[in-house]
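Structure first, commentary second.
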Amino acid sequence: MTIMQITRYWRIYSALWRNSVAREMSFKGNFILWIIVEALWFALQLCFVGVVFAQTTTVGTWTQWQMVLLVGASNFIQQLYQALFLTNCTNLSELVRTGKMDFLLALPVNTRFIVSTRVVDLGAFVNALLAGCVMAYAAHKLALHPNLAEWCGFGILCLVGVAIHYSLMFILASISFWTVRAQGIVWGYYNLFNIARMPDEAFRGLFKALFTFALPVLLVSNVPVRILAEKWVSPESWALLLALAGLWFFISSRFWKFSLRHYTSASS
């Protein structure tokens, strides 16, 4: 892309942000309620960690506060994804069912871009900040002092994790071109995020392989946290996470183009 194209798309994205802010502020009660609901759900996850460690001292090699750090990081990645892409992925089937996809296809912009970024969930950013505070407290309890390189590595891998979740869920959402309604499939994958809150050492065999390579929810959360928790991270883990991000984004792009070729307007 040229500089002019990047500038143009940045202006479009900025306008979408402004529209999202205006929409959220029009329904302040709903905005605040969902922040509270998500915060309570996060608190329940932390209570679960307390229940587990009331019965044991470690899960694999993970201590209690390392687990809290993992839960915080997992929620942080999940909330970033939710803020940027979740609503758009779940709404794709409605665009197809109602024929609104026709109008998006007619716009002089990349259709995948506009479909993926139309709505921003601002409340999820608030909950991501809450998860960051929990991570900071857990790091304090563990006496961790990550350097700049470790923070940068953590941040990059979190964004890579968001990209993997987006690509996988966008593929599932694109099934709506055939099934019309695909929200159940999309939310089914979203619920798998709960697995990411557990250490990878807690799983064995086929289950671990499935959720490390095919649907890498374990990899997405465990690898970034290992950097902050000063647990050994192999170069192979970095390479695998980056490779999976590239692979799934490529597959999602191909599947999206294939889906568009089979789109039959609901309004015609």
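The values are calculated or read from the model by the stated rules, or taken from the named source; none is laboratory data. A quick note: this is a predicted structure, and the numbers were derived from the prediction, not measured. Here Cβ is always computed from backbone atoms with ideal geometry, including for glycine, and neighbour counts include all displayed protein chains.
Key figures
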{"read-out": "Considering residues of segment 212-268 that are charged (D, E, K, R) and over 22 Å from V115 (Cβ atoms) only, the residue nearest to the chain's Cα centre (by Cα)", "value": "R226"}
{"read-out": "Filter result for the condition that a residue is out of contact with any helix residue (DSSP H, G or I) (no Cβ under 9 Å at 6 or more places or on another chain), without any contact (Cβ under 8 Å) to a residue 60 or more places away in the chain and of a type outside the set (F, W, Y), over A128, A136, A143", "value": "A143"}
{"read-out": "When residues of segment 216-268 are limited to those that are at pLDDT below 90 and among the charged types (D, E, K, R), the one surrounded by the most Cβ atoms within 10 Å (Cβ to Cβ)", "value": "R226"}
{"read-out": "Lone qualifier among V120, V71, V115 - being at pLDDT 90 or above and in a loop (DSSP other than H, G, I, E, B)", "value": "V120"}
{"read-out": "Within segment 1-27, tally of residues that are closer than 21 Å to F85 by Cα and either in contact (Cβ under 8 Å) with a residue 60 or more places away in the chain or not polar (S, T, N, Q) (or both)", "value": "18"}
{"read-out": "Output for segment 79-122, where each listed residue is under 17 Å from T264 (Cα atoms), touching a Ser or Thr at 6+ places or on another chain (Cβ under 7 Å) and either surrounded by fewer than 20 Cβ atoms within 10 Å (Cβ to Cβ) or aromatic (F, W, Y) (or both)", "value": "G99, D102, L104, L105"}
{"read-out": "Verdict on L159 being under 26 Å from R11 (Cα atoms) and either in contact with an Asp or Glu (Cβ under 9 Å, 6 or more places away or on another chain) or part of a helix (DSSP H, G or I) (or both)", "value": "yes"}
{"read-out": "The one condition in (1) buried (at least 17 other Cβ atoms within 10 Å of the Cβ); (2) of a type in the set (A, V, I, L, M); (3) more than 15 Å from the chain's Cα centre (by Cα) that A209 fails to fulfil", "value": "(1)"}
{"read-out": "L69 being over 24 Å from D121 (Cβ atoms), buried (at least 16 other Cβ atoms within 10 Å of the Cβ) and within 19 Å of the chain's Cα centre (by Cα)", "value": "yes"}
{"read-out": "Selection from segment 86-101 of residues that are charged (D, E, K, R) and modelled with pLDDT of 90 or more", "value": "none"}
{"read-out": "Test for A202: is it buried (at least 21 other Cβ atoms within 10 Å of the Cβ) and in contact (Cβ under 8 Å) with a residue 24 or more places away in the chain", "value": "no"}
{"read-out": "Residues being hydrophobic (A, V, I, L, M, F, W, C) and outside any helix (DSSP H, G or I) - total across segment 89-112", "value": "2"}
{"read-out": "Answer residue from segment 28-60, given it is of a type in the set (G, A, S) and touching a residue at least 24 places away in the same chain (Cβ under 8 Å) and is surrounded by the most Cβ atoms within 10 Å (Cβ to Cβ) among those", "value": "A39"}
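For (1) in a loop (DSSP other than H, G, I, E, B); (2) under 26 Å from P146 (Cα atoms); (3) without any contact (Cβ under 8 Å) to a residue 60 or more places away in the chain, each residue gets a yes or a no:
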{"residue": "V186", "(1), (2), (3)": "no, no, no"}
{"residue": "A196", "(1), (2), (3)": "no, yes, no"}
{"residue": "A209", "(1), (2), (3)": "no, no, yes"}
{"residue": "V225", "(1), (2), (3)": "no, yes, no"}
{"residue": "V233", "(1), (2), (3)": "yes, yes, yes"}
{"residue": "E236", "(1), (2), (3)": "no, yes, yes"}
{"residue": "A239", "(1), (2), (3)": "no, yes, yes"}
{"residue": "L242", "(1), (2), (3)": "no, yes, no"}
